[in-house]
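Asker: Here it is, the structure, as structure tokens.
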Amino acid sequence: MGGGLQPTLVPISLDPSLLASYATAFGLADAKEGAQYLATAIATGSFWNDYQPSVLVIRLDSDPIAAAIGFFDAAARSRLAAQAKALHAGLRRLKYVDDQTVRSAVSQLASKLRDRFGCDFLQSCRFTAIPRGGLIVLGWLSYELGLKPDQLEPPDDAGVPLVVVDDCAITGARFGAWLRKNPHRNVVFAHLYSPAATCRNILDREPRVQECLSAFDLADYGREDLGGGLGDWEQEWTARMSGSRYWIGRTDYVCFPWGEPDRSVADPLTGGTLPAWPLVPGCPNKSPTPLQDPGVTVSSIPGTLGGHRLPDGVVYGEVAGWTVVGNLYTGACIGLRESGASFWEALRISSSRREALETLQAEYGVDAATLETDLERFVAELAQLGFLHSPADA
């Protein structure tokens, strides 16, 4: 907030059709409930730690609209725009796997393991998991395969067949990190979802891995999305992303009841990446702060103010003593402080202008006629700027 920086408003585009699909995936009533659920998820992202204080505002009285309000300089605004673009892409390819589907996928994985190795071989194996989702999958897989308790203990001999279990493997980075930390020479990697290319590349590059099995293959949308630009995109993202990865591409964004995989956003400032906003609430791996203390506050605003209807596209929020009002459709934005913020707050908590006037009289204790004139002038100015409907239109 140094250097006289004033708070501003950055729109977050919400596609109604994608919100409707998102709501359906999570068993929510409609796109509006989906928007509220999504905003709760976004608020838990570690991205916001660098942009405090700030607030997420969401308006639900018509097609849902949202914005971030805070002290955002040009660099912050460019990063917010990148996050919003990635949010749209994530929602478009969201694949939420509920508990019932997880159990079916575990059964499919168990069948593939039995078909590939046979029951006798599997009874000679030890099993381990990559936290956190892998531990959950392994728990169910152990029942499907009838594993004995000692098969879940670490092997003493690095040559004993070891089945490493995970929920999904998109780039394979977590499995690669596991391999670098563990000396086992006879490894089978078993998981629920991955692009087929990830498994192929793991087998090509890792001589210690005897087999790589997924219950289901994920589609590769790279050519569909990027056409002839796919090669350049792959080169760009290979340079952006640190660490070893077996595959870089575009596929379904798989989420589970216990969490969601890491997702990256191109950082327009550094040429690297940023952690993307989460899409699913209740995933503590996505934020260092507990969910009851999110990185940013979510404020749901109504479509009226002091008996006046807000024009389409208008949102507002309070941050660090400022009230910021903006129209996402026109780009207009103002910041209110002191008396202006007080007048707006009085209207916000009131059902009519008369009730707002009574609130202000109690606060200021000035002549009622003068205060009424000031409030009327304030409302008229807001209407002229397009932030409130005039009384005749309210």
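What follows is calculated from the coordinates using simple rules that are stated; it is not laboratory data. What you are looking at is a predicted structure, and each value in this text was computed from that prediction instead of being measured. For neighbour counting, all protein chains shown are included, and Cβ atoms are generated from backbone atoms with ideal geometry for every residue, glycine included.
Asker: So for the range 102-158, averaging the separation of alpha carbon pairs under 8 Å that are six or more residues apart and normalising by length, what relative contact order in percent results?
Answerer: Rounded, it is 44 percent for the range 102-158.
Asker: Give me, ordered by chain and number, the residues 5 or more places off S264 or on other chains with an amide H under 5 Å from its own placed amide H.
Answerer: Excluding prolines and chain starts, which carry no amide H, the hits are A276.
Asker: Which residue, A158, A31, A81, has the most motion in a Gaussian network model of the chain that connects Cα atoms within less than 10 Å?
Answerer: Evaluated over the chain, the most mobile residue of the options is A158.
Asker: Let me check against my output: what whole-number percent is the relative contact order of the chain, with C-alpha pairs under 8 Å and at least 6 apart?
Answerer: That works out to 20 percent.
Asker: Around I130, what is the net charge, scoring Lys/Arg as +1 and Asp/Glu as -1 over all other residues with Cβ under 14 Å from its Cβ?
Answerer: +1
Asker: With everything on Cα atoms, drop me the angle between helix 339-348 and the longest principal axis of the chain, reported from 0 to 90° to the nearest 10.
Answerer: On a 0 to 90 degree scale, this one is about 70.
Asker: Let me ask something else. Starting at the first residue of the range 207-218, write each ³J(HN,Hα) from the Karplus equation 6.51 cos²θ - 1.76 cosθ + 1.60 with θ = phi - 60°, in whole Hz, x for Gly and Pro.
Answerer: x, 6, 8, 7, 7, 10, 10, 10, 5, 9, 7, 8
Asker: Moving on. Taking amide hydrogens as modeled 1.01 Å from N in the peptide plane, which residues meet the under 5 Å criterion relative to L218, leaving out close sequence neighbours?
Answerer: S194, A196
Asker: Relative to the Cα centre, what is the charge dipole magnitude of the chain, using +1 at the beta carbon of each Lys and Arg, -1 at the beta carbon of each Asp and Glu, and rounding to the nearest 20 debye?
Answerer: 1240
Asker: Treating the angle as unsigned and between 0 and 90°, give the value, to the nearest 10°, between the Cα long axis of helix 74-92 and the longest Cα principal axis of the chain.
Answerer: 60
Asker: Further, regarding this structure: For helix 353-364, report the angle its Cα long axis makes with the longest principal axis of the Cα atoms of the chain; keep it between 0 and 90° and round to the nearest 10°.
Answerer: 80
Asker: For R354, what is the net charge nearby, where nearby means another residue's Cβ is under 13 Å from its Cβ and Lys, Arg count +1, Asp, Glu -1?
Answerer: -3
Asker: Given H placed 1.01 Å from N in the peptide plane, which residues other than close sequence neighbours of L336 have an amide H under 5 Å from its amide H?
Answerer: T323, V324, V325
Asker: Using only alpha carbon pairs under 8 Å that are at least six residues apart, calculate the relative contact order of the range 1-68 and give it in whole percent.
Answerer: Rounded, it is 37 percent for the range 1-68.
Asker: Provide the gained length on full extension for the span S390 to K181, in nm with one decimal, where the gain is 0.36 nm per separating residue minus the Cα-Cα distance.
Answerer: My answer for the length gained is 68.6 nm.
Asker: Among I334, Q100, H184, pick out the residue whose Cα is farthest towards the positive end of the charge dipole of the chain, where Lys and Arg carry +1 and Asp and Glu carry -1 on C-beta, about the Cα centre.
Answerer: Of the listed residues, the answer is H184.
Asker: Give, in nm to one decimal, the length gained when the segment between S78 and A20 is fully stretched (0.36 nm per residue of separation minus the Cα-Cα distance).
Answerer: In short, 18.1 nm is gained.
Asker: List, in order, the whole-Hz ³J(HN,Hα) value for each residue of the range 238-244 obtained from phi through the Karplus relation with A = 6.51, B = -1.76, C = 1.60 and θ = phi - 60°; use x for Gly and Pro.
Answerer: With coefficients 6.51, -1.76 and 1.60, one gets 5, 6, 6, 8, 7, x, 8 Hz.
Asker: Quick one: go through the range 62-97 and flag any residue whose amide nitrogen is under 17 Å from the point 7 Å out along the Cα-to-Cβ line of A219.
Answerer: 89-97, by backbone N distance to the label point.
Asker: So what are the ³J(HN,Hα) numbers for the range 183-190, from phi and the Karplus equation (6.51, -1.76, 1.60; θ = phi - 60°), rounded to whole Hz, Gly and Pro as x?
Answerer: Couplings: x, 4, 9, 9, 10, 10, 9, 10 Hz.
Asker: Apply 1/(1 + (r/R0)^6) to the Cβ-Cβ distance of T370 and D61, taking R0 = 56 Å, and write down the FRET efficiency to the nearest 0.05.
Answerer: In this case the efficiency is close to 0.95.
Asker: What residue among D232, D30, D367 shows peak mean-square fluctuation when the chain is described by a Gaussian network model with Cα springs under 10 Å?
Answerer: Greatest mean-square fluctuation among the candidates belongs to D367.
Asker: Please list, by residue number, everything in the range 138-162 whose backbone N is under 20 Å from a paramagnetic label point 7 Å out along Cα→Cβ of D120.
Answerer: The answer is 145-148, 151, 160-162, whose backbone nitrogens lie closer than 20 Å to the label point.
Asker: Between the range 219-249 and the range 314-385, how many Å separate their Cα centres?
Answerer: Here the two parts' Cα centres lie 50 Å apart.
Asker: Can I ask one more? With Cβ to Cβ distances under 13 Å as the rule, what net charge do the other residues near L269 carry (K, R +1; D, E -1)?
Answerer: 0
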